[in-house]
1. From the list 23, 51, 47, exactly one residue is free of Cβ contacts under 8 Å to residues at least 40 places away in the same chain, more than 23 Å from residue 149 (Cα to Cα) and either hydroxyl-bearing (Ser, Thr, Tyr) or out of contact with any Gly (no Cβ under 9 Å at 6 or more places or on another chain) (or both). Which is it?
2. Report, ordered by the first and then the second residue, all pairs with beta carbons closer than 8 Å, sequence separation of six or more or different chains, a first member in region 387-416 that is farther than 18 Å from residue 320 by Cβ and in contact (Cβ under 8 Å) with a residue 12 or more places away in the chain, and a second member that is exposed (fewer than 12 other Cβ atoms within 10 Å of the Cβ) and of a type in the set (Asp, Glu).
3. Return the residues of region 36-47 that are part of a helix (DSSP H, G or I), surrounded by 14 or more Cβ atoms within 10 Å (Cβ to Cβ) and not basic (Lys, Arg); say none if nothing qualifies.
4. Please list, ordered by residue number, the helices (runs of 4 or more DSSP H) wholly in region 106-176 having 2 or more residues that are at pLDDT 85 or above and within 29 Å of the chain's Cα centre (by Cα).
5. When you check residue 387 against the structure, is it surrounded by 14 or more Cβ atoms within 10 Å (Cβ to Cβ), over 30 Å from residue 201 (Cβ atoms), modelled with pLDDT of 80 or more and among the aromatic types (Phe, Trp, Tyr), yes or no?
6. Can you tell which of 335, 352 is within 24 Å of residue 313 (Cα to Cα) and modelled with pLDDT of 75 or more?
7. Test residue 101 against the criterion of being touching a helix residue (DSSP H, G or I) at 6+ places or on another chain (Cβ under 9 Å), under 18 Å from residue 31 (Cβ atoms) and at pLDDT 90 or above, and give yes or no.
Amino acid sequence: MNKDKTQLLTENKELFEESINEFSSKAYEMASVNEVIKRSKYNKGSFYYRFKDKNELYIALLDFVFVQQIDLFKKSGFSLQTSNNPHDVLVALFQNLVDLYLFDKRYYNIVKLLYNEEEDFVKETLSTSVGSLYERFKFKLNKMDGLNISQLIIIESLYKNLPITDIIIEKITIKSIVDQVIGHHDPVINMADNENNEDFTNIIETHIDNQFNFIVLDEKYQDFNKKWFDILKVSQKMNILKNKLKFKVFRLNLNIKSILKRYMHKPIFNHLAIEKLINSESYDKVMKDKTLSKIAYGLIYAILDLREFILINQPLKYLDEEQRDILFNDILPINGKLSKIIFIDQLLVLNNKNIEYFYYYNDFNGIKKYHISDFKEKYHLKIHCHYTINDQYYHVYYNSFQSFLRFFQDNDINIIRLDNIHELHISDLREVVES
């Protein structure tokens, strides 16, 4: 079946509601699929046609709850990537649980019950689900200075058994709980970071609104490695990246196609884009291409790791037209609902079907969003001719239609395809925007 299991679950309101009721009121071993089917009055044969067992139903439900939890966190406006204050991070972590409880108490109970299961069960469950927001927080907390092992153990215990009713009736506050665990902390200022770049990073995070965002920037703003997951920087150490990916998916052998098939119906991925990629000749081209394969490995790892912002910094100067097409049309679209790709360069290829809007930033005007139609007829029109001579394939760029005509008239060629290529360099963009 090609349908997302979570989608199958939510299509039937009664089945969905009774599944939530069952798994939010009992530990996993005690939960009964027969009770869910009985109370929802759902046909048993139809159920097992859609879900092979209790675990598949549970994972489908857990995926839904995790996505709701992450969505609530995003709406809070807190940036886990840029915060360096353990106190603020913990307040945000526990506040998210409160928000989830207030949104639907059952969703909170499902998360709580999961994390109170045996450790091996939790690990195995998380390996097949979209991933918990708590895992993202744990990763952040383990990397932060000022927290010892004892404090981290207490934090994990609190996450499993937060006194949430006392917090809601204001008998105790989240801040007081955090103060007791780690004390009061003043904001940490990382002097190694460039202040202007940090401010600019926050501006970008505030303004981007799509799963795929193209930003044209001057070079002085392009140091983001400490803020976002930079695919090209991380993939420079491919062996380390591949080992991390193996650990992430619990595989000894790394097979990208099998990983994509396993996770393709999770909301973190776009399953239609994955189907297109793995069933086309582009897949083999990606795996054989050193640059594209690095981007693909990095992107898959970042998505599975639930990275909020995924950065691809200045790759166009390394790519030819075919590589660009594969990148934009086959690789980047596999990103699902939970991550945002930030594609940064000093060159914009305006004819790409995946780019309609893009951002430009300068100190005077700040960051603004533009549509490619504002520039498409103005700069760097090139004719890209695909042709054969004596059954040999060639492709050539021409800076004007007239130069292409001269070539065509002087040579006996068989034209396969003609493309109009529009490129906008940052100097040309600046000339229009700032005039």
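1. Working: 23 fails: free of Cβ contacts under 8 Å to residues at least 40 places away in the same chain; 51 fails: free of Cβ contacts under 8 Å to residues at least 40 places away in the same chain.
Of 23, 51, 47, the one residue that is free of Cβ contacts under 8 Å to residues at least 40 places away in the same chain, more than 23 Å from residue 149 (Cα to Cα) and either hydroxyl-bearing (Ser, Thr, Tyr) or out of contact with any Gly (no Cβ under 9 Å at 6 or more places or on another chain) (or both) is 47.
2. From residues that are farther than 18 Å from residue 320 by Cβ and in contact (Cβ under 8 Å) with a residue 12 or more places away in the chain, the pairs are 389/412.
3. Pass one, region 36-47, residues part of a helix (DSSP H, G or I): 36-40, 44-47.
Still in the list and also surrounded by 14 or more Cβ atoms within 10 Å (Cβ to Cβ): 36-37, 39-40, 47.
Of everything in region 36-47, those that are part of a helix (DSSP H, G or I), surrounded by 14 or more Cβ atoms within 10 Å (Cβ to Cβ) and not basic (Lys, Arg) turn out to be 36, 37, 40, 47.
4. Values: elements: 119-128, 133-143, 149-160, 164-168.
Filter on region 106-176 gives 119-128, 133-143, 149-160.
5. On the way: surrounded by 14 or more Cβ atoms within 10 Å (Cβ to Cβ): yes; over 30 Å from residue 201 (Cβ atoms): yes; modelled with pLDDT of 80 or more: yes; among the aromatic types (Phe, Trp, Tyr): yes.
In short, yes.
6. Result of the check over 335, 352: 335.
7. Working: touching a helix residue (DSSP H, G or I) at 6+ places or on another chain (Cβ under 9 Å): yes; under 18 Å from residue 31 (Cβ atoms): no; at pLDDT 90 or above: yes.
Judged against the criteria, residue 101 is not a match.
Conditions (1) within 23 Å of residue 342 (Cα to Cα); (2) among the charged types (D, E, K, R); (3) surrounded by fewer than 18 Cβ atoms within 10 Å (Cβ to Cβ); (4) in the same structural domain as residue 70 (by TED's automatic domain parsing), marked per residue:
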{"residue": "236", "(1), (2), (3), (4)": "yes, no, yes, no"}
{"residue": "264", "(1), (2), (3), (4)": "yes, no, no, no"}
{"residue": "267", "(1), (2), (3), (4)": "yes, no, no, no"}
{"residue": "274", "(1), (2), (3), (4)": "yes, no, no, no"}
{"residue": "280", "(1), (2), (3), (4)": "no, no, yes, no"}
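The values are calculated or read from the model by the stated rules, or taken from the named source; none is laboratory data. Not measured: the values here are computed from a predicted model. Note that we place each Cβ from the backbone using ideal geometry, even for glycine, and neighbour counts take in every protein chain shown.
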